[in-house]
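Heads up: the structure comes next, in structure tokens.
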Amino acid sequence: MIPIKNSEGIRRMREACAVAATVLDQLKTQVSPGVTTYDLDQYARELIARHGATSACYGYQIGSRRYPGYSCISVNEEVVHGIGSMKRILTDGDVVSLDIVVAYNGYIGDNATTVPVGAISPKIEELLRISREALDIGIAQAKVGNRIGDISNAIQTHVEAHGFSVIRDMVGHGVGTSMHEEPQIPNYGRKGQGPKIKPGMTLAIEPMVNLGGYRTKTLSDGWTIVAADGLPSAHFEHTVLTTEQGPEVLTIPAPVSAT
Ligand code: MF3
Ligand code: CO
């Protein structure tokens, strides 16, 4: 069953998503050579608290393991779920994916972006551009009457047309009162397949794109997913509300009032 949010649920999703987007926006500004991924994670913790929210990542449980970070910070070949570390110092030419999931007033907002550290190679620049475009192209398919496979197929088609690959092991997802709700939203698949999109769904659409092959492995920390071939990876994500008027991106930073 795919949860359909009523107007109160949508109102709260808007707030949670605005917080998630504002935190991500502010965190991005701290990315520079010399900063450790631990510093970034601590800053994420602070920003989330400052907004009166909590991290949905911290303590997130899979089996008997609990995620130890407040955000996910994945460098270069790390695809997702990288854990902040004092030993990981960002260097000119790296790319870093920041994934922020917050709980606010009972609802969850989820978004991610990948940013360059200093100057990156043209090939990696293209990886980021195509992945970001794939997110927009996927979101455009989140129309009432379409099916989830229309989103999946649009993302895969765009990515593969440029010679990159989409991760198969991880998928986007519905999001609401819990981080992962139905439906699953793969970044690959066939048009016209999967559940039908109805108004009031809140969907985390999140292309994870590898410069090389799509295969991944999990590091010994039990969390960090890396590209098996060691080549760079990118991740862009928005939480989107489906409406009769079309998809609406909810993870937009809240306007900050001038004082
Ligand atoms: N955005 C990620 C997801 O949807 C967040 C994972 S939370 C963590 O899977 F606990 F794994 F960090
Ligand atoms: Co997500």
**OP:** Please specify each residue of region 160-179 satisfying the condition of being open to solvent by less than 10 Å² (accessible area, probe 1.4 Å) and among the β-branched types (Val, Ile, Thr).
**Re:** Val166, Ile167, Val175
Subject >> Inter-residue pairs, beta-carbon under 7 Å, first over 15 Å from Met208 (Cα atoms) and open to solvent by 50 Å² or more (accessible area, probe 1.4 Å) and in region 123-145, second assigned to a helix (DSSP H, G or I) and modelled with pLDDT under 95, 6+ apart >> reply: none
Original post:
Is one or more of the residues making up region 164-175 more than 16 Å from ligand 1 (Cβ to nearest atom) and out of contact with any Ser or Thr (no Cβ under 8 Å at 6 or more places or on another chain)?
Top reply: yes
**OP:** State yes or no: is Thr37 in contact (Cβ under 8 Å) with a residue 12 or more places away in the chain and of a type in the set (S, T, N, Q)?
**Re:** yes
Subject >> Given (1) buried (at least 17 other Cβ atoms within 10 Å of the Cβ); (2) within 16 Å of ligand 1 (Cβ to nearest atom), number of the condition Asn153 does not satisfy >> reply: (2)
Original post:
Any chance region 247-254 includes a residue that's at pLDDT below 95, more than 16 Å from ligand 2 (Cβ to nearest atom) and open to solvent by 30 Å² or more (accessible area, probe 1.4 Å)?
Top reply: yes
Original post:
So, of the residues in region 230-246 that are in contact with a strand residue (DSSP E or B) (Cβ under 8 Å, 6 or more places away or on another chain) and over 30 Å from Arg11 (Cα atoms), which turns out to be most open to solvent (accessible area, probe 1.4 Å)?
Top reply: Leu231
Subject >> Residue within region 99-120 that is surrounded by fewer than 24 Cβ atoms within 10 Å (Cβ to Cβ), modelled with pLDDT of 95 or more, in a helix (DSSP H, G or I) and not small (Gly, Ala, Ser) present >> reply: no
Original post:
Across region 68-98, what is the total count of residues that are over 16 Å from Lys28 (Cβ atoms), open to solvent by 10 Å² or more (accessible area, probe 1.4 Å) and part of a loop (DSSP other than H, G, I, E, B)?
Top reply: 12
Subject >> Residue selected from region 180-227 under the condition closer than 19 Å to Val75 by Cβ and basic (Lys, Arg), by the criterion surrounded by the fewest Cβ atoms within 10 Å (Cβ to Cβ) >> reply: Lys217
**OP:** Could you give me the residue pairs with C-beta distances under 7 Å whose first residue belongs to region 192-211 and is basic (Lys, Arg), whose second residue is open to solvent by 10 Å² or more (accessible area, probe 1.4 Å) wherever it lies, and which are 6+ apart or on separate chains?
**Re:** Lys196/Arg147; Lys198/Ile4; Lys198/Val144
Original post:
Failed condition for Thr177, given (1) closer than 21 Å to Pro3 by Cα; (2) assigned to a helix (DSSP H, G or I), with all others met?
Top reply: (2)
Original post:
Can you spot a residue in region 24-35 that is open to solvent by less than 10 Å² (accessible area, probe 1.4 Å), more than 19 Å from Val226 (Cα to Cα) and more than 15 Å from ligand 1 (Cβ to nearest atom)?
Top reply: no
**OP:** Can you tell me which residue among Ala44, Ala49 is of a type in the set (A, V, I, L, M), out of contact with any strand residue (DSSP E or B) (no Cβ under 8 Å at 6 or more places or on another chain) and part of a helix (DSSP H, G or I)?
**Re:** Ala49
Original post:
Is it fair to say Ser257 is of a type in the set (Ser, Thr, Tyr) and either closer than 17 Å to Ala16 by Cα or modelled with pLDDT of 95 or more (or both)?
Top reply: no
Original post:
Any residue in region 20-30 that is in contact with a Pro (Cβ under 6 Å, 6 or more places away or on another chain), assigned to a helix (DSSP H, G or I) and under 17 Å from Val96 (Cβ atoms)?
Top reply: yes
Original post:
What number of residues within region 195-242 are assigned to a strand (DSSP E or B), under 21 Å from Ala20 (Cα atoms) and within 16 Å of ligand 1 (Cβ to nearest atom)?
Top reply: 11
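The values are calculated or read from the model by the stated rules, or taken from the named source; none is laboratory data. Quantities reported herein were computed from a predicted structural model and do not represent experimental measurements. With ideal geometry, Cβ positions are generated from the backbone for all residues, glycine too; neighbour counts draw on all protein chains shown. Surface areas here come from the heavy atoms of the whole protein model, side chains and all, with no ligands, DNA or RNA. Shrake-Rupley method; radii C 1.70, N 1.55, O 1.52, S 1.80 Å.
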